[in-house]
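Enquirer: Before anything else, here's the structure in question.
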Amino acid sequence: MFLKYVSIGILNTGLHWLIFGIFILLLNFEQSIANLAGFIVAVTFSFFMNAKFTFNKTPTSLRYILFTIFMGILSYTTGLIAEKLNLHPIITLASFSALSLILGYLYSKWIVFK
């Protein structure tokens, strides 16, 4: 189950990083907003793929909202901390990717798709 989550996570991470890069490099947004924008695109993809292939559960609005709120707060907070610490954007991406892989899986397994 975790390997499926990781596989979807690789695709999810690529989407997140692409959107983050567009917002930072092309649109000149703050890291917190760029990270949140990348997250919104990636979380939608990730949620539906994991519901179907990882946890074999029906995606519902409540599950989507629970997952999105938790991961959105994590995403925005990671970007905000990076701004306060004046970290390079790649650190923000790498940190959020690692946190979301571990915390997102545990939260999905124990709460969202239980």
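The values are calculated or read from the model by the stated rules, or taken from the named source; none is laboratory data. All values derive from a computational prediction rather than experimental measurement. Note that we place each Cβ from the backbone using ideal geometry, even for glycine, and neighbour counts take in every protein chain shown.
Enquirer: Give Leu36, Leu80, Leu11, Leu27 a once-over and let me know the one that is farther than 15 Å from Phe96 by Cα and not aromatic (Phe, Trp, Tyr).
Expert: Values: Leu36 fails: farther than 15 Å from Phe96 by Cα; Leu80 fails: farther than 15 Å from Phe96 by Cα; Leu11 fails: farther than 15 Å from Phe96 by Cα.
The match here is Leu27.
Enquirer: Can you name the condition, by its number, that Leu87 falls short on among (1) of a type in the set (A, V, I, L, M, F, W, C); (2) surrounded by fewer than 17 Cβ atoms within 10 Å (Cβ to Cβ); (3) assigned to a helix (DSSP H, G or I)?
Expert: (3)
Enquirer: Of the residues that sit in the range 15-31 and are among the aliphatic types (A, V, I, L, M) and assigned to a helix (DSSP H, G or I), which one is nearest to Ala82 (Cα to Cα)? Full working, then the answer.
Expert: So the first thing to find is which residues in the range 15-31 are among the aliphatic types (A, V, I, L, M), and the list is 15, 18-19, 22, 24-27.
Next, from what is left, pick out any that are assigned to a helix (DSSP H, G or I): 15, 18-19, 22, 24-26.
Numbers: Leu15: 20, Leu18: 18, Ile19: 17, Ile22: 18, Ile24: 13, Leu25: 16, Leu26: 19 Å.
Among those residues, the one meeting the criterion is Ile24.
Enquirer: Is at least one residue of the range 67-83 under 25 Å from Met1 (Cβ atoms) and free of Cβ contacts under 8 Å to residues at least 12 places away in the same chain?
Expert: Yes, the range 67-83 contains at least one residue that is under 25 Å from Met1 (Cβ atoms) and free of Cβ contacts under 8 Å to residues at least 12 places away in the same chain.
Enquirer: Can I ask one more? Return the residues of the range 1-12 that are in a helix (DSSP H, G or I) and surrounded by fewer than 22 Cβ atoms within 10 Å (Cβ to Cβ); say none if nothing qualifies.
Expert: We begin by selecting, within the range 1-12, every residue in a helix (DSSP H, G or I); these are 2-12.
Phe2, Leu3, Lys4, Tyr5, Val6, Ser7, Ile8, Ile10, Leu11 - these are the residues of the range 1-12 that are in a helix (DSSP H, G or I) and surrounded by fewer than 22 Cβ atoms within 10 Å (Cβ to Cβ).
Residue by residue, here is whether (1) polar (S, T, N, Q); (2) under 16 Å from Val112 (Cβ atoms); (3) in contact (Cβ under 8 Å) with a residue 60 or more places away in the chain holds:
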{"position": "Ile8", "(1), (2), (3)": "no, yes, no"}
{"position": "Thr13", "(1), (2), (3)": "yes, no, yes"}
{"position": "Phe20", "(1), (2), (3)": "no, no, yes"}
{"position": "Val41", "(1), (2), (3)": "no, no, no"}
{"position": "Thr44", "(1), (2), (3)": "yes, yes, no"}
{"position": "Lys52", "(1), (2), (3)": "no, yes, no"}
{"position": "Asn56", "(1), (2), (3)": "yes, yes, no"}
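Enquirer: Can you find a residue that is small (Gly, Ala, Ser) and either modelled with pLDDT of 90 or more or more than 11 Å from the chain's Cα centre (by Cα) (or both) anywhere in the range 101-114?
Expert: Let us first name the residues in the range 101-114 that are small (Gly, Ala, Ser), namely 104, 108.
Of the ones still in play, those that are also either modelled with pLDDT of 90 or more or more than 11 Å from the chain's Cα centre (by Cα) (or both) are 108.
Within the range 101-114, one or more residues are small (Gly, Ala, Ser) and either modelled with pLDDT of 90 or more or more than 11 Å from the chain's Cα centre (by Cα) (or both).
Enquirer: Kindly indicate the residue of the range 55-84 that is over 20 Å from Phe29 (Cβ atoms) and over 16 Å from the mean Cα position of the chain (by Cα) and also surrounded by the fewest Cβ atoms within 10 Å (Cβ to Cβ) among those meeting that condition.
Expert: Ser61
Enquirer: Now for a different question. Mind counting the residues in the range 85-100 that are within 16 Å of the chain's Cα centre (by Cα) and not hydroxyl-bearing (Ser, Thr, Tyr)?
Expert: The initial filter retains those residues of the range 85-100 that are within 16 Å of the chain's Cα centre (by Cα), namely 89-100.
When the remaining residues are screened for being not hydroxyl-bearing (Ser, Thr, Tyr), the result is 89-91, 93-94, 96, 98-99.
Adding up the residues that qualify gives 8.
Enquirer: Next up: Given the structure, is Leu26 out of contact with any His (no Cβ under 7 Å at 6 or more places or on another chain), surrounded by fewer than 16 Cβ atoms within 10 Å (Cβ to Cβ) and at pLDDT 95 or above? Show your work before the answer.
Expert: Numbers: out of contact with any His (no Cβ under 7 Å at 6 or more places or on another chain): yes; surrounded by fewer than 16 Cβ atoms within 10 Å (Cβ to Cβ): yes; at pLDDT 95 or above: yes.
Spelling it out, Leu26 is indeed out of contact with any His (no Cβ under 7 Å at 6 or more places or on another chain), surrounded by fewer than 16 Cβ atoms within 10 Å (Cβ to Cβ) and at pLDDT 95 or above.
Enquirer: Somewhere in the range 52-74, is a residue in contact with a His (Cβ under 9 Å, 6 or more places away or on another chain), in a helix (DSSP H, G or I) and not basic (Lys, Arg)?
Expert: Let us first name the residues in the range 52-74 that are in contact with a His (Cβ under 9 Å, 6 or more places away or on another chain), namely none.
The answer is no, given that none of the residues of the range 52-74 is in contact with a His (Cβ under 9 Å, 6 or more places away or on another chain), in a helix (DSSP H, G or I) and not basic (Lys, Arg).
Enquirer: Before we move on, is Gly104 more than 24 Å from Met1 (Cα to Cα) and crowded, with 18+ Cβ neighbours inside 10 Å?
Expert: Working: more than 24 Å from Met1 (Cα to Cα): no; crowded, with 18+ Cβ neighbours inside 10 Å: yes.
In short, no.
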